[in-house]
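What follows is a set of notes on a single structure, which appears directly below.
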Amino acid sequence: MKEKKLGLNTICTHVGEVEDTQFQGAVSPLFMSSSYQYEDVDVKRYPRYFNTPNQEALGKKIAALEKSEAGMIFSSGMAAVSHCMLGFLHKGDHIVLPQTLYGGTYNFVVEEFGKFGIEYTFATGFSETDFSNAIQPNTKVIWVETPSNPLMKITDLEMIARLAKKHGLISMIDNTFASPVNQTPADFGIDIIIHSATKYMGGHSDICAGAVAASKEYMDVIWNVSKNLGGSLSDYTVWLLERSIKTMALRVKAQNKNAKKLAKYLDKHEAVDTVYYPGLKSHPDYALAKKQMSGYTGMLSFELKAGLNPSTFMKSLKLIKQSMSLAGVESTILSPTHTSHALLSPEARKEQGIADGLLRFSVGIEETEDLIADFERGFKGA
């Protein structure tokens with residue numbers, strides 16, 4: 001009899017636990033040692049090798065969530081991004097990326113790749129033709145981010161996987177905004193899935209971490225460079241992250257529900273010019289998002305009408321916090337121009353379509369009515 005596959009909440013709760021063989025506790029024990037026996041053991045464990053008991057177990061949970069063979073935990077989302085890129089890109093190689101991209105990833109590519117002799121091209125749009133035209137004879141990797149940060153653009157994952165296979169490329173995705181709750185890129189043929197685990201996986205604004213899931217073959221390549229770059233995560237934070245992931249599906253589904261209600265509210269508000277949320281039928285990528293996502297994420301962005309001061313609006317809010325990060329249980333808001341994309345030049349932000357008045361809203365688990373009342377307070381203040 002074929003064994004039934006575990007459901008999402010069950011994977012979040014049970015897969016990748018460290019068994020407490022001594023006391024049979026209900027949660028994973030925490031192994032804080034940075035030094036382990038090396039003779040007469042099956043595994044030579046060392047924190048920088050990503051294989052302490054807690055690191056190894058959490059990697060299994062990440063892999064199960066992303067329907068992959070193997071997983072690794074890193075010290076930050078950018079550690080995960082940079083280790084994956086440097087694992088597969090060498091001097092003379094080329095990578096294709098979308099024009100709309102997380103600021104940290106954009107900066108890493110633009111500021112660091114020249115030192116390694118790695119070339120890159122930003123696709124001019126999101127169609128197959130746009131990505132195909134950017135591919136060069138020396139291209140090795142095609143990178144996507146969907147939904148994108150901060151404009152919530154959706155990229156067709158089946159198309160990207162097909163294009164990558166056609167040209168013999170490695171496909172990579174930053175799946176942070178979706179989380180494994182809303183999107184599993186492996187279902188569409190994407191090779192390597194990356195997360196800032198600081199966000200929905202951590203979910204409480206108290207953890208900084210990154211995560212990667214892929215086949216064992218590809219993960220071995222990433223591990224081989226990562227053990228030298230040293231981006232491992234402390235076991236205490238690994239333990240906290242494993243604890244947080246247990247409630248991820250519950251949190252994210254509540255955030256999805258709130259986000260859709262708030263997107264509809266903002267879309268009809270006279271003080272708002274444009275709302276960017278793939279769960280709105282007016283979003284240009286709504287049909288694609290509905291096809292490849294099981295939820296529309298708890299993230300959205302919007303622009304105020306001309307004449308309204310975004311800074312005054314945010315300062316007038318009392319429940320919704322002005323905060324640099326996202327995806328916590330509390331709702332937060334920020335200006336990408338002054339935070340996530342501040343290191344980009346005004347010209348680069350303009351190329352990506354990021355207006356100075358754009359606000360990115362990370363929806364929490366509060367009561368929707370209370371968040372709407374807070375927005376009304378902000379509109380009045382602006």
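Overview of values
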{"item": "Qualifying residue in segment 206-214 (condition: of a type in the set (V, I, T) and farther than 14 Å from G71 by Cα)", "result": "yes"}
{"item": "Residue check for S335: within 14 Å of L262 (Cβ to Cβ), crowded, with 18+ Cβ neighbours inside 10 Å and not aromatic (F, W, Y)", "result": "no"}
{"item": "Among residues of segment 216-243, those that are under 25 Å from E19 (Cα atoms) and not aromatic (F, W, Y), counted", "result": "12"}
{"item": "The lone exception for D187 - which of (1) crowded, with 19+ Cβ neighbours inside 10 Å; (2) in contact with a helix residue (DSSP H, G or I) (Cβ under 9 Å, 6 or more places away or on another chain) it fails", "result": "(1)"}
{"item": "Checklist (1) in the same structural domain as S282 (by TED's automatic domain parsing); (2) surrounded by fewer than 24 Cβ atoms within 10 Å (Cβ to Cβ) applied to W223, failing item", "result": "(1)"}
{"item": "Residue ranges of helices (runs of 4 or more DSSP H) in segment 69-167 with at least 1 members among the acidic types (D, E) and without any contact (Cβ under 8 Å) to a residue 60 or more places away in the chain", "result": "103-116, 128-134"}
{"item": "Number of the exception - L240 against (1) out of contact with any His (no Cβ under 9 Å at 6 or more places or on another chain); (2) of a type in the set (A, V, I, L, M, F, W, C); (3) outside the structural domain of L359 (by TED's automatic domain parsing); (4) free of Cβ contacts under 8 Å to residues at least 40 places away in the same chain", "result": "(1)"}
{"item": "Failed item, numbered, when C208 is tested on (1) part of a strand (DSSP E or B); (2) of a type outside the set (G, A, S); (3) under 27 Å from I170 (Cα atoms)", "result": "(1)"}
{"item": "Subset tally (residues that are within 17 Å of L334 (Cβ to Cβ) and crowded, with 16+ Cβ neighbours inside 10 Å) for segment 284-311", "result": "10"}
{"item": "Of residues in segment 31-54 being surrounded by fewer than 22 Cβ atoms within 10 Å (Cβ to Cβ) and in a helix (DSSP H, G or I), the one modelled with the lowest pLDDT", "result": "P47"}
{"item": "Within segment 168-201, considering residues that are assigned to a loop (DSSP other than H, G, I, E, B) and small (G, A, S), the one nearest to L8 (Cα to Cα)", "result": "A178"}
{"item": "Segments classed as helices (runs of 4 or more DSSP H), wholly inside segment 234-346, with at least 2 members that are under 22 Å from N182 (Cβ atoms)", "result": "235-245, 248-268, 286-292"}
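The values are calculated or read from the model by the stated rules, or taken from the named source; none is laboratory data. Remember, predicted model here, so these are calculated numbers, not experimental data. Here the Cβ is made from the backbone with ideal geometry for all residues, glycine too, and neighbour counts use every protein chain on show.
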